[in-house]
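Participant: Below you will find the structure I want to go over with you.
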């Protein structure tokens, strides 16, 4: 696991990432000049692992509501972690956002072949019909990763992939083919270039990343959820 100092050092090499010093700066800093990811780095106290253990979630994605979180019988360190989880959600709700606290114990959907992958463990960007950003924080477990836009290419723009997708689409004009790609979210997924070096979102930092929406002043942030490995504990993730 990347340490706090290592995380900060590594992010200095990514000009599309900007470090901010407070929650207010995180939500109020405009995305511009190519910057499409804002990071509020934090060293969080408390035992988030205890919370994950006592939630005892099953396979898949389980959303944890406030009542379930408050009902847990926790140690002092667990209580510290719980208060952070509640406070972070309150901060986001105060900005008219809708955070969800999720425990992710693997994914139940089958991973598609590389050509057709649209799962969150595939490199992708988020999209919206109006101006919007994605907020996320990993508290426990494996961390999300990001990728510079210069180090990735849309899968549908790779000639051999595009040709195969065109075959799957069948007869029809170019406009219909573009609609096919969009309707199936295939135009939101990327593959890394050979020299690409992903960066970790780390445990504790709260991130705000750009999405793809009409008129966006910056390209959307390419990112992915970590691969699910056998025997790993569930992740605890806040997303909005």
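Participant: Which percentage, to the nearest 5, of the DSSP beta bridges contained in the range 87-238 is antiparallel?
Facilitator: 90
Participant: Nearest 10 degrees is fine. How inclined is helix 159-169 to the longest principal axis of the chain, computing both from alpha carbons?
Facilitator: It works out to around 80 degrees.
Participant: Next question. Compute the helix-to-body angle for 174-183: its Cα long axis versus the longest principal axis of the chain, expressed 0 to 90° and rounded to tens.
Facilitator: Its long axis makes an angle of about 20 degrees.
Participant: Can you tell me how the range 1-122 classifies by the Cα gyration tensor, rounded, prolate or oblate, using a/c under 1.5 as the rounded cut?
Facilitator: Oblate.
Participant: Could you give the angle, 0 to 90 degrees to the nearest 10, between helix 76-93's Cα long axis and the longest principal axis of the Cα atoms of the chain?
Facilitator: 50
Participant: At a 10 angstrom cut-off on C-beta neighbours, averaged per residue, how do the peptides 158-166, 182-190 rank from highest to lowest?
Facilitator: 182-190, 158-166
Participant: Would any residue of the range 200-240 have its amide N under 15 Å from a label point 7 Å out along Cα→Cβ of residue 25? List them or say none.
Facilitator: Only 205-208 pass the distance filter.
Participant: Determine, for 140, 180, 201, the number of other Cβ atoms within 10 Å of each Cβ, and report the residues in order from fewest to most.
Facilitator: Least to most surrounded, the residues fall as 180, 140, 201.
Participant: Sort the following peptides by mean Cβ neighbour count (other Cβ atoms within 10 Å, averaged over residues), highest first: 149-155, 59-65.
Facilitator: Top of the packing list down: 149-155, 59-65.
Participant: So how many Å³ per residue does the convex hull of the Cα atoms of the range 157-227 work out to?
Facilitator: Enclosed volume per residue, from the Cα hull, is 146 Å³.
Participant: For the range 96-226, what does the equivalent ellipsoid look like in terms of its semi-axes, each the square root of 5 times an eigenvalue of the Cα gyration tensor, given largest first in whole Å?
Facilitator: 27, 17, 15
Participant: Rounded to a whole number of µm²/s, how large is the Stokes-Einstein D of the range 122-197 at 20 °C and 1.002 mPa s, given Rh as the Kirkwood radius over C-alpha pairs?
Facilitator: 147
Participant: Run a plain Debye calculation on the range 93-152 (Cα atoms as equal point scatterers, no solvent) and give log10 I(q)/I(0) at q = 0.15, 0.20 Å⁻¹, rounded to two decimals, same order as the q list.
Facilitator: Each listed q maps to, in turn, -0.69, -1.18.
Participant: Another question, then. Could the peptides 51-58, 21-28 be put in order, highest first, of the mean number of other beta-carbon atoms found within 10 Å of their residues?
Facilitator: For the peptides 51-58, 21-28, the packing ranking is 51-58, 21-28.
Participant: Using a Förster distance of 45 Å, how high is the FRET efficiency between residue 185 and residue 71, based on the Cβ-Cβ distance and rounded to 0.05?
Facilitator: Calculated transfer efficiency: 0.80.
Where a number appears in this text, it was derived from the coordinates with a stated rule and is not lab data. These numbers come from a predicted model, not from an experiment. Using ideal geometry, Cβ is built from the backbone for each residue, glycine included, and neighbour counts are taken over all protein chains shown.
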